[in-house]
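Colleague: Supplied in structure tokens, the structure appears directly below.
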Amino acid sequence: MNPLVELRKVVKDYPLGETVFRALRGVDLTVLEGEFLAITGPSGSGKSTLLHLMGALHRPTSGQVLFEGVDLSNLSPHELARLRNLKIGFVFQQFHLLPRITAWENVALPMVYARVRPAERRERAMEALARVGLLEFARHRPNQLSGGQQQRVAIARALVNNPKLLLADEPTGNLDTQSGREIVELFVSLHGEGRTVVIVSHEPEVAFRAKRVVVLRDGVIQEERRGLC
């Protein structure tokens, strides 16, 4: 498998008044194409920061982040936005669905920014909802859906542009136990289709479902181990 994302000696600082908080302290990590990776560790260990750097949402203070061999620091804001839209799918703990539009319209939003024609947007949104088992709820608004269903809509939205990388930040954090298990199994299924998946979770039972588990503590990789997949 080829490297998809590479982090080389990555440091990330955040200013806090007159001081600086160092969230990551020289992290080296490679994510391979088709891999299922979980990033775990205690709160404040740098898990979400690491995910945001992989997803080109933040820039490192020092070090390099490469996507398909391209150093992201060499890309303009417009190029980074296009990369995120077309090649990276994001799933967050807060579902980030727009409340006034339907499920399929929420799923179609990334295609609006990609300038996909309306008829194709609808068709692909329906296909993505079918993939996550929610086609019959396509015309429901978020407040008509359960938490687990809303997260499935968010996953469909992340998938609709067929990204190279699927990133999930605590995707089960707002869900009951059963819904959380179903969402994890959905990610396992998506990985089985050949998708590259990276999940951040503080829940050991979620992380264990990945193929490889990276444990962060105080901004450094403390250990790596094999998961279940």
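Any read-out appearing in this document is the output of simple, stated calculations on the displayed coordinates, not a laboratory observation. Fair warning: this is a prediction, and the values are worked out from it, not measured in the lab. Every residue, glycine among them, receives a Cβ derived from its backbone with ideal geometry; neighbour counts consider all protein chains shown.
Colleague: Among all the aspartates and glutamates, which ones have a C-alpha under 12 Å from Lys211's C-alpha, if same-chain residues fewer than 8 places away are not counted?
Modeller: Answer for Lys211, where 12 Å is the Cα cut-off: Glu35, Glu224, listed by chain and number.
Colleague: Can you tally the net charge around Pro42? Count Lys and Arg as +1, Asp and Glu as -1, for every other residue whose Cβ sits under 14 Å from the Cβ of Pro42.
Modeller: Details: positive: Lys47, Arg217; negative: Glu170, Glu203, Asp218, Glu223.
Counting the neighbours of Pro42, the net charge comes to -2.
Colleague: For a protection proxy built on the mean count of beta-carbon atoms within 10 angstrom, sort 27-35, 53-61, 176-184 highest first, please.
Modeller: Descending mean neighbour count gives 53-61, 27-35, 176-184.
Colleague: Now, a different point. Taking the mean number of other Cβ atoms within 10 Å as a proxy for protection, how do you rank 131-140, 14-23 from highest to lowest? It would help to have the intermediate numbers written out before the result.
Modeller: Details: 131-140: 16.6, 14-23: 10.5.
Highest mean packing first, the order is 131-140, 14-23.
Colleague: Relative contact order for the chain: what is it in percent, counting Cα pairs under 8 Å that are at least 6 residues apart?
Modeller: Details: 468 pairs, mean separation 63.0, N = 229.
So the answer I get is 28 percent.
Colleague: Might you report the magnitude of the Cβ-based charge dipole of the chain about its Cα centre, with Lys and Arg at +1 and Asp and Glu at -1, to the nearest 20 debye?
Modeller: Details: 30 positive and 25 negative charges, 98 e Å.
Using Cβ point charges on Lys, Arg, Asp and Glu, the chain gives about 480 debye.
Colleague: For segment 76-200, just say rounded, prolate or oblate: build the C-alpha gyration tensor, square-root its eigenvalues into a ≥ b ≥ c, call rounded for a/c under 1.5, and beyond that prolate if a/b exceeds b/c, oblate if not. Mind dumping the intermediate values first?
Modeller: Values: a/c = 1.56, a/b = 1.15, b/c = 1.36.
Because a/c hits 1.5 or more and a/b fails to exceed b/c, segment 76-200 counts as oblate.
Colleague: Check cross-link reach from Lys9 to the lysines: straight Cα distance under 17 Å, and skip same-chain residues fewer than eight apart.
Modeller: Lys9 reaches Lys47.
Colleague: Once both labels are modelled 7 Å past Cα along the beta-carbon direction, what's the Gln144-Arg59 spacing in nm?
Modeller: Here the modelled spin labels are 4.4 nm apart.
Colleague: Report, in degrees rounded to the nearest 10, the 0 to 90 angle that the Cα long axis of helix 77-87 makes with the longest principal axis of the chain.
Modeller: Orientation of helix 77-87: about 60 degrees from the principal axis.
Colleague: Placing +1 at every Lys and Arg Cβ and -1 at every Asp and Glu Cβ, with all other atoms neutral, what dipole size does segment 37-120 have around its Cα centre, in debye to the nearest 20? Kindly include the intermediate steps, with their values, before the conclusion.
Modeller: Working: 8 positive and 5 negative charges, 30 e Å.
Dipole size: approximately 140 debye.
Colleague: Stokes-Einstein at 25 °C, 0.890 mPa s, Kirkwood radius from Cα pairs: D for segment 142-225 in µm² s⁻¹? Could you put the intermediate results ahead of the total?
Modeller: Details: Rh = 13.7 Å.
Approximately 179 µm²/s, per Stokes-Einstein.
Colleague: Kindly rank 142-153, 116-127, 163-174 from highest to lowest mean number of other beta carbons found within 10 Å of each residue.
Modeller: So the order, starting with the most tightly packed, is 163-174, 142-153, 116-127.
Colleague: Could you check what % of the DSSP bridge pairs in the chain are antiparallel, to the nearest 5? Spell out each step's value before the answer.
Modeller: Values: 24 of 42 bridges.
Here the share of antiparallel DSSP bridges comes out near 55 percent.
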